1. Please find the FRET efficiency linking VAL78 to ARG40, where r is the Cβ-Cβ separation and R0 is fixed at 41 Å, and quote it to the nearest 0.05.
2. Set Lys and Arg Cβ to +1 and Asp and Glu Cβ to -1, take the dipole of the chain about its Cα centre, and tell me which of ILE75, GLY63, ILE28 lies farthest positive.
3. From the helices alone, meaning DSSP H stretches of at least four residues, give me the mean residue ellipticity at 222 nm for the chain, per-run term -39500 (n - 2.57), in deg cm²/dmol to the nearest 500.
4. What's the magnitude of the charge dipole for the chain around its Cα centre, counting Lys and Arg as +1 and Asp and Glu as -1 at the beta-carbon? Answer in Debye, nearest 20.
Amino acid sequence: MEIRWHIAILIIGCAVVTLIPRVLPLMIFSKLRIPDLMIRWLDHVPVAVMGALLAQELLITDGRVNPGAHTLELIAAVPAFLTAFLTKSLFATVIVGILTVVGLRMLF
């Protein structure tokens, strides 16, 4: 089997490029003492990102706010949000959301 060096170098370069933004902050922040206020603020970042992604997916169609275009998904979001709130489990939330969408699509 022949090794194509330009492909091998490309794969190694991609690995390094994806590794640097993950390892470098870990190395830097492991040495620093982060203030409690910043840690509390950072705890809200995943929720804010997920909220922004969900709002865009559920409420926007063709660059305009149109919640009526995603009625089934909006209905399915309710039990998924309740599951997330009650269990704090991403796995359970995703499963409930998927099963609800599947069930609603089978009915309508």
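Values in this text are rule-based calculations from the coordinates and carry no lab data. Predicted, not measured: the structure shown is a model, and the values here were computed from it. All Cβ positions, glycine included, derive from the backbone under ideal geometry; neighbour counts span all protein chains shown.
1. Efficiency, from the Cβ-Cβ distance: 0.90.
2. Of the listed residues, the answer is ILE28.
3. Theoretical 222 nm ellipticity from helices: -26500 deg cm²/dmol.
4. Magnitude of the dipole: close to 300 debye.
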